[in-house]
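We did not get these values from a lab; they are worked out from the coordinates using the rules stated. Every value quoted in this text rests on a predicted model; they were computed, and no experiment measured them. Glycine gets a Cβ as well: all are built from the backbone with ideal geometry, and neighbour counts include every protein chain shown.
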Amino acid sequence: MLFVAFWKISKDVTVQDTAKTGMKLLEKGMAPPKGVKLLRWLLLPGGRGVTIVEADNADALLMEWMVWINEYPGMFEYYEISPAVEATKAIESAFELSK
């Protein structure tokens, strides 16, 4: 399944600390965690970001968040993850409902 995470780095976390944490997790092979396929990892102004992943189970998806907060407690001001569907698939489903 496809999931999109919207997150914001806490105000007290510096850009340097964020980069160091990301590098540590990449070097340890923990980002992304086992069972999660990273499709996009986007950084936005103001400490915000979007991560798009594929995962087959909730445990793997939970680990996507937990590896970060374990490495740097308090890193995120918020971290929200939701299932997502390709727009073309959603449109096809909507047409099926109207039949």
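Quick notes on this one:
- Any hit, region 53-73, residues being over 24 Å from M1 (Cβ atoms) and surrounded by 14 or more Cβ atoms within 10 Å (Cβ to Cβ): yes
- Residue that is nearest to I69 (Cα to Cα), among those in region 1-50 that are in a helix (DSSP H, G or I) and among the polar types (S, T, N, Q): T21
- Sole exception among (1) within 10 Å of the chain's Cα centre (by Cα); (2) part of a loop (DSSP other than H, G, I, E, B) for W65, by number: (2)
- Residue count, region 27-42 (criterion: surrounded by fewer than 13 Cβ atoms within 10 Å (Cβ to Cβ) and either among the polar types (S, T, N, Q) or within 20 Å of I81 (Cα to Cα) (or both)): 4
- Between K24, K20, the distinction of being surrounded by 11 or more Cβ atoms within 10 Å (Cβ to Cβ), of a type in the set (D, E, K, R), free of Cβ contacts under 8 Å to residues at least 60 places away in the same chain and touching an Asp or Glu at 6+ places or on another chain (Cβ under 7 Å) belongs to K24 only.
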